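Novice: Structure in structure tokens, see below.
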């Protein structure tokens, strides 16, 4: 039975009304209890003088060392987006989450809900490791602009980005970095005195007539067991661009949900079991936005399933044990039925990518020679299966495995040293799409080091430098694809001689952390880092005319740039700044001198916010500037480069906590109705409209009851 908008709106309105009726005005005692509850959360440290929300640079999250650390104290390029920021921006897509994350360009095509993450110029086929509650999200399909993963933003509690190969401890392939999404635990939802709670969120946006309903419930059986569940329904029609033109095929319907149980069978032991299910119904085209009368178009149903089990053991009386074990299974299956052109109506194809894996790690802490030592070591393994009968899809099996050993030494409060070594191995097994097909296997391995030195010459001022290496095996799509419609009369051909990509990176950074700067209780945080990364044996498709179209090691690539983010929080307001200037190009081989495909744009963002009514109301505005991008031709390297203009967007927001039982969020995206197309997307150059959304009004009302 299909849930209707009217039914969902009625149920949501009822729950919100119950919350409003049951909710008395916030009293001073309740405010104190709320502040105390916040103080109990280790990931949400309070500012020195008051209990208002801190900057996300103080958020304790995953780090490049696999030890949870405050972002501002991490000697690596790390950014985080927490629940407060997610509620502020009201994201429609996973790409919206990273609007103001330096060095990250998250893009998606209007007619495909999948998202592609680009870090410093690297994306596609495992160059960026994306995880959801620790489970790798590996997916690809045939077609222009195929995305890399599916994540419904309403599911997310926190998103963390680790940029560069310094993240290599997190698994094979992530030479570009790691993006980690985490869902809520019951402890994040329930108040300390509550045994149960239920919330209902009703959201609406006018551009595309979009409706969202999110229901969350949690129950605490005891201090040793709790459970949380969530169900989300999102539906919208095609939206309009800044010119007021309807962007075709951009409507979609999404049903998502998750359940997570947490058990604490004994002191120091914790087990989390989770299941996340997502279902997307939409319509995609062969080349996004093109008006070609012969363009292929498909009705698509995509299902993403993620199952996780995470165990931790950290006894209070033994510093040598801080153990965690995670096992997961993720499967993404897209089924497409052709609806255009008429001659092909009813044709069916599918893409099915499943990854099963586990990882183990332990940290041992001890003091010796006036140094605090932390030794972290672990293993990881994943098995990926990919199948499809579609043309030029690389079907087969891929195994990735590895281990790492890391030492961290802290001397007094001014010197920190990190030395690490990781081993990676891989094996690919598949069948070439040749005539006749042939069974073929590839394998390889490598050791990758990392060394970081950090010093604090002054209180609140930290300098660090890092050298790190990463290793990325060729993917199934690189090696085994064949067939297809491209290549000047020739189909894609497999390449069993591909070499793995190797990244070697130098980084230097500074962390600034000061309190009581201009007034009592204010704070200033900033992270700035510069980097230079060389990628050896970069893999891409040889698109030159009169050659067989295949993936090859086109040469070496170089990435360099500077990234920065800063916040000044003065209690009744805050200013957030973030930006990046990045250059990524091929420096040897057949495309020497050309920019990498999908090079991230130079970006700058600023957010200004004000807190009112005893911090219950926050209002503000965000400015986002996206710089130009230079596109070069891979089919004709001698063709002059094409420069796409950048664009500027202004967004405003207001978040009002009416009381402990009701919340109202309001936002306007693209206030000045700018007409733009993200140059990194695969939107067709022959599209009749711009891709970017025009002015969009958003409102969300959340009601909550508990006891």
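The values are calculated or read from the model by the stated rules, or taken from the named source; none is laboratory data. As the structure is a prediction and not an experimental result, all values here were calculated from the model. Neighbour counts are summed over all protein chains in view; Cβ atoms, including those assigned to glycine, are modelled from backbone coordinates with ideal geometry.
Novice: Right, residue 96: at pLDDT 90 or above and either in a helix (DSSP H, G or I) or farther than 21 Å from residue 568 by Cα (or both) or not?
Specialist: yes
Novice: (1) crowded, with 16+ Cβ neighbours inside 10 Å; (2) more than 26 Å from residue 453 (Cα to Cα): which one isn't true of residue 545, the others all being true?
Specialist: Residue 545 satisfies all of (1) crowded, with 16+ Cβ neighbours inside 10 Å; (2) more than 26 Å from residue 453 (Cα to Cα) except (1).
Novice: While we're here: Just to be sure, is residue 534 touching a strand residue (DSSP E or B) at 6+ places or on another chain (Cβ under 8 Å) and at pLDDT below 95? Let's see the steps before the verdict.
Specialist: Values: touching a strand residue (DSSP E or B) at 6+ places or on another chain (Cβ under 8 Å): yes; at pLDDT below 95: no.
When the stated conditions are applied, residue 534 does not pass them.
Novice: Further question: What's the number of the only condition in (1) surrounded by 15 or more Cβ atoms within 10 Å (Cβ to Cβ); (2) farther than 23 Å from residue 235 by Cβ; (3) free of Cβ contacts under 8 Å to residues at least 60 places away in the same chain that residue 281 fails to meet?
Specialist: Condition not satisfied by residue 281: (2).
Novice: Another question, then. Name the single residue, out of those in segment 548-572 being without any contact (Cβ under 8 Å) to a residue 40 or more places away in the chain and surrounded by fewer than 20 Cβ atoms within 10 Å (Cβ to Cβ), that is nearest to residue 482 (Cα to Cα). So that I can check it myself, show each step before the final result.
Specialist: Pass one, segment 548-572, residues without any contact (Cβ under 8 Å) to a residue 40 or more places away in the chain: 554-556, 558, 560, 562.
If we keep only those that are surrounded by fewer than 20 Cβ atoms within 10 Å (Cβ to Cβ) as well, we get 555-556, 558, 560, 562.
Values: 555: 22, 556: 25, 558: 29, 560: 34, 562: 39 Å.
Once the filter is applied, the top-ranked residue is 555.
Novice: Kindly provide the set of residues from segment 344-398 that are assigned to a loop (DSSP other than H, G, I, E, B) and in contact (Cβ under 8 Å) with a residue 24 or more places away in the chain, ordered by number.
Specialist: Once the filter is applied, which keeps residues that are assigned to a loop (DSSP other than H, G, I, E, B) and in contact (Cβ under 8 Å) with a residue 24 or more places away in the chain, segment 344-398 yields 370, 388, 389, 390, 391, 392, 393, 394, 395.
Novice: From 126, 174, 143, 121, grab the single residue that is modelled with pLDDT under 90 and in contact with a helix residue (DSSP H, G or I) (Cβ under 9 Å, 6 or more places away or on another chain).
Specialist: Going through 126, 174, 143, 121 in turn, just one is modelled with pLDDT under 90 and in contact with a helix residue (DSSP H, G or I) (Cβ under 9 Å, 6 or more places away or on another chain): 174.
Novice: Right, something else. Evaluate segment 475-498: report whether one residue or more is modelled with pLDDT under 95, more than 30 Å from residue 606 (Cβ to Cβ) and in a strand (DSSP E or B).
Specialist: yes
Novice: Has segment 398-406 got at least one residue that is over 20 Å from residue 321 (Cβ atoms), surrounded by fewer than 21 Cβ atoms within 10 Å (Cβ to Cβ) and touching a strand residue (DSSP E or B) at 6+ places or on another chain (Cβ under 8 Å)?
Specialist: Of the residues in segment 398-406, the ones over 20 Å from residue 321 (Cβ atoms) are 398-402.
If we keep only those that are surrounded by fewer than 21 Cβ atoms within 10 Å (Cβ to Cβ) too, we end up with 399, 401.
Checking the rest, the ones that are also touching a strand residue (DSSP E or B) at 6+ places or on another chain (Cβ under 8 Å) come to 399, 401.
Yes, segment 398-406 has at least one match.
Novice: Would you check if residue 630 is more than 21 Å from residue 675 (Cα to Cα) and assigned to a strand (DSSP E or B)?
Specialist: no
Novice: Please specify each residue of segment 217-226 satisfying the condition of being in contact (Cβ under 8 Å) with a residue 24 or more places away in the chain and either under 10 Å from residue 196 (Cβ atoms) or surrounded by 22 or more Cβ atoms within 10 Å (Cβ to Cβ) (or both). Show your work before the answer.
Specialist: First, the residues of segment 217-226 that are in contact (Cβ under 8 Å) with a residue 24 or more places away in the chain: 218-220, 223-226.
Correct list: 218, 219, 220, 226.
Novice: Could you please find all residues in segment 417-460 being more than 24 Å from residue 503 (Cα to Cα), assigned to a strand (DSSP E or B) and either in contact with a strand residue (DSSP E or B) (Cβ under 6 Å, 6 or more places away or on another chain) or free of Cβ contacts under 8 Å to residues at least 24 places away in the same chain (or both)?
Specialist: Within segment 417-460, 429, 430, 431, 439, 455, 456, 458 qualify.
Novice: May I ask you to list the residues in segment 233-261 that are within 30 Å of residue 317 (Cα to Cα) and surrounded by 20 or more Cβ atoms within 10 Å (Cβ to Cβ)?
Specialist: Result: 260, single match.
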